[in-house]
Each structure stands twice: as structure tokens, then as C-alpha cells.
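Participant: The following block contains the structure, expressed as C-alpha cells.
The numbers here are math on the coordinates, done by the rules we state, and not lab data. Everything numeric in this text was worked out from a predicted model, so none of it was measured. Note that each Cβ is placed from the backbone with ideal geometry, even for glycine, and that neighbours are counted across all protein chains shown.
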């Protein structure tokens, strides 16, 4: 029997050996160690730039300078593909995007906002000629259409790919609290809608705009499901936290191994967005009305209201990253409770490939049986 392999993922001029993108997890969860490990296994590693300066509290360098150091360090560790996750909500979005392009990073995933005027920031000519692929992360076909129409009409370009993230993801979610559980917002509903929305733009520009599925994807079987539905790749964050190479303290990883389904909760972030996280003492205190004085180093997020925020989210996430979960918390996807051990990135990638092949083979057997009947 011919060995079943995962298809490769082509984005722009780059091709990954596996259609697996590691999610960019902020405030130091996914840095050079994790991103390079994923890239070395044929996937696409992703560095999150959010509050990246907090990973080096002893440094007086600006975040964008530390970001440049992390990119260079990643290049020393891998010859594989890696990119950046840059939130539009961060105050130094422009500086981070410029660093990405100057350093010839393969791709930038743009989230936490609707990136309509991104090409304007880097100039239209630069957007067309740079090797960095610009990939918006959205949560609806309406958002995908708005971005493509604006880029098309104003700059005569379209995104190099699109990530559609469903409500089962970890971290900040692009849905209102009341819409998170509604069936019409499930990823398997959103994905075909986004794919169909992009078809006219693909026809106009004569090229594919790969759609990446994200949010709650946990197994190789899940990967097979969404690729069968038309996605060209998947983006997975939570699975990569409980790996040896993840750039966080052991206690942070252990929180994922130990959590139950009941421990996963939706919270109202100080940024005004819903988020999914693992229950902790800190979150219980916040839910009871306790507030923490803000020790703001600088206004790292455009949307942060220093007078009204009950706590500094960057500080809480930093505390968790270094293992102090009593004074912080970890964002996590809806399937985090299914993690039962910490493994290497290599082990995880191999298991995903094996699960994919098994699911694909089972699908082929069922199809063959139906044909014979």
C-alpha cells in the first residue's frame, strides 16, 4: 500500500513540507526555540511579537530591536520556514512590520484588527515587491471580503493567504460572547464561506489565495477534515504549548496537562474582547471584582484604557509565562483538556502525520466500499 503523506503548503514563493502552521502565542510563549523546532520538522514556526520586550526585562532596548534579535536567533537555529504574528492592536505595529520586511521574514500573520491600510504603512511598491507574505487572520467571510476589496481597489494587490479562525481557539477571539457558541460561527461553517468569498479575487489575479483553518484543531484527523473541506493548511497553537521546546516555564506547560474541560473558561479581557483561558486563582479573583494596580511600563496596546482596566494583561501573561500562575493566567484553546503529557515537537509532528494518514486511509476505505455497493 502506498504511504499516505500530508500535502505540502505553498504560500507565495515559499513551500512548507507539511501544511501545519504553529500558532503565534503572545507575551513570550512562542519565540525562537519553539518556532525553529516546528520549522525544522517541516512546518511553519511563528514568533509572536506581542510584548516581546517583556521577555528581556533587564534590557532597555525597544521591543522592535529585541524582535530583530529573536528573528536572527531563529535563523541560527533553522533553515526552515518561520513567520511572525503581529497584532494590529499593539502600539508599535508599524515598527514590527517594518522589521519583518527588512529582515526578509517569510510571512506575517496579522490579527487583532482589520488590516485595511497595511500596504500603505510599508508603501504599495514595497508590499508588491518584498518577499514577506502578508496574511490577515479573520473570523468571517465578511471580513475576508472587506480586506480583499479594499486592497484590490486601493493597491491592486490581494492577501497572500488568509487565516480563518473559529471560536474554539485560545486567546482573544474575534467573536462576541453571545456568538461564540452559535452553530453558524463554527469553523466548519466559516471555512467554505471564506473559500467561496475569495474565488472572484483569485480569478482576477490569476493565482490561489490559500485559506488556513484555525481554532480548536487538535489531531491529524482534524487536519484531514479541514483539508478535505478545501483548506490548504491548518494553524495550531494549543498543541504546541505542551512541548519541550515551547518558550515558557514548566509550570505553564503543566497547567495544560493538568487542566480539565471545566477549567477552560471564557473571560472578558481588559482589551474589551472575549478570550478563552485556563481557570486560575488570578482569574477567580478578577471574576470576584478584585482589581490589580496597573504597573504600566508603557502603553503596549492601543486599546488599553489605563483608568478602567482591572489589571495589566501583559503583566498577568508574563507572570504565567515564568510559572507564576497565582498572579497570572494562560490562554488556551477549547481542546486543551485533551493534552495529557509534554512531548517534543518532533513527537507531536510525527503523531499528527500518522493520525492524518490513518484518517485519510479510513476515508478512502469508506469511499471504496460505497463505490462497490
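Participant: For mean projected area of the Cα convex hull in nm², pick the label among (1) 20.2; (2) 19.3; (3) 29.3 that corresponds to the value derived from the coordinates.
Facilitator: (2)
Participant: May I pose another question? Return 229, 236 ranked ascending by Cβ neighbour count within 10 Å, so the fewest neighbours appear first. Could you put the intermediate results ahead of the total?
Facilitator: Details: 229 14, 236 26.
Result, fewest neighbours first: 229, 236.
Participant: When the convex hull of the Cα atoms of region 1-51 is projected onto a plane and the area is averaged over all directions, what value comes out in nm²? It would help to have the intermediate numbers written out before the result.
Facilitator: On the way: hull surface 17.1 nm².
Directional mean of the projected Cα hull area for region 1-51 stands at 4.3 nm².
Participant: For the chain, what does -39500 (n - 2.57) per DSSP helix run (n ≥ 4), summed and divided by total residues, give at 222 nm, in deg cm²/dmol to the nearest 500?
Facilitator: Working: 13 runs with 145 residues, N = 373.
Rounded to the nearest 500, the figure is -12000 deg cm²/dmol.
Participant: While we're looking at this one, here's another question. Can you tell me the order of 63-70, 203-210, 83-90 when each peptide is scored by its average per-residue count of other Cβ atoms within 10 angstrom, highest first?
Facilitator: Numbers: 63-70: 19.2, 203-210: 14.0, 83-90: 24.5.
The peptides rank, most packed first, as 83-90, 63-70, 203-210.
Participant: Further question: Report the Cα centroid-to-centroid distance between region 170-191 and region 218-269 in angstrom, as an integer.
Facilitator: 16
Participant: Moving to a separate point now. Percent antiparallel among DSSP beta bridges with both residues in the chain, to the nearest 5?
Facilitator: Just about 30 percent of them are antiparallel.
Participant: Within a 10 angstrom radius of the beta carbon, how do 160, 73 rank from fewest other beta carbons to most? Numbers along the way, then the final one.
Facilitator: Details: 160 20, 73 15.
Listing 160, 73 from fewest to most nearby Cβ atoms yields 73, 160.
Participant: Next up: Measuring from label point to label point, each 7 Å out along Cα→Cβ, what is the residue 189 to residue 350 span in nm?
Facilitator: About 4.0 nm, to one decimal.
Participant: With contacts defined as alpha carbon pairs under 8 Å and 6 or more residues apart, what's the relative contact order of the chain in percent? The partial results should precede the final answer.
Facilitator: On the way: 741 pairs, mean separation 66.0, N = 373.
About 18 percent, as a whole number.
Participant: Going by the alpha-carbon gyration tensor, a ≥ b ≥ c the square roots of its eigenvalues, is region 1-145 rounded (a/c under 1.5) or, if a/c is not under 1.5, prolate (a/b greater than b/c) versus oblate? Display every interim value, and only then the final one.
Facilitator: On the way: a/c = 1.70, a/b = 1.19, b/c = 1.43.
Verdict is oblate for region 1-145.
Participant: Between residue 14 and residue 266, what FRET efficiency comes out of the Förster formula 1/(1 + (r/R0)^6) with R0 = 30 Å and r the beta carbon distance, rounded to 0.05?
Facilitator: Details: r = 35 Å, r/R0 = 1.18.
Computed FRET efficiency for residue 266 and residue 14: 0.25.
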